[in-house]
């Protein structure tokens, strides 16, 4: 079964910014509006990580759609087909292998978004009548792709805010010493770790803070209050465990 994650983690050391729930609700409304525009009744968005077995993150047009379809579609062969597709395509429960037995037939439209830097996404619309959805894809394929791209971009803003990973205490110690001008070997010696370990910690903290380099990461850390300027140097403020 696919590992399904919500777009928020309440236990995250860095709290989601205000407005995340509103943005998520707005994306759900966009999914419902897109489905309704083309005569379908429900929609959901799935985001996939780059690595095999990565967790799937999902937003649905309603709580009912989330309960009914997120796990169902994420565990189906529809995902494999969508990851290789470039255009919208129709699907039906008679063509797609599902991990769970279906009580009623399902049909819909799959709209893949191939995004190599951020990981691919999929907008899935659910409806009735295979002939009708086939005609929709034939007549409105480009419009569906544009709409799915907009939904994907909006969902990524929620994903980035909700899944920021806090730097660890050790990573912040390495960044603080780097900000004071220490070389990587000196940082390793000071913190009683190998040079390679110090390099890894610095790479991780720069990535977690979203910095372009160590200098940029220091500026971000200071602006967030993770590092505090002090006459005697930079102090690490309230490190994450």
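None of the figures in this text is laboratory data; all of them are computed from the coordinates on show. Quick caveat, the model's predicted, so the values are computed rather than measured. Because the Cβ atoms are built from the backbone with ideal geometry, glycine has one as well, and the counts that use them run over all protein chains shown.
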Seminar exercise, completed: The residues 75, 131, sorted from fewest to most surrounding Cβ atoms within 10 Å, come out as 131, 75
For this session: Sort 183, 149 so that the residue with the fewest other Cβ atoms within 10 Å of its own Cβ comes first and the one with the most comes last.
Result: 183, 149
Exercise. Going by the alpha-carbon gyration tensor, a ≥ b ≥ c the square roots of its eigenvalues, is segment 169-236 rounded (a/c under 1.5) or, if a/c is not under 1.5, prolate (a/b greater than b/c) versus oblate?
Worked result: oblate
For this session: For each of 69, 45, count neighbouring Cβ atoms within 10 Å of the residue's Cβ, then give the residues from fewest to most.
Result: 69, 45
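Starting from 0.36 nm per residue, how many nanometres of slack lie between residue 62 and residue 150 once their C-alpha separation is accounted for?
Using 0.36 nm per residue and subtracting the Cα-Cα distance, I get 29.8 nm.
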Problem set entry | Extension gain, residue 183 back to residue 203 (0.36 nm per residue minus Cα-Cα distance, nm) | 5.8 nm
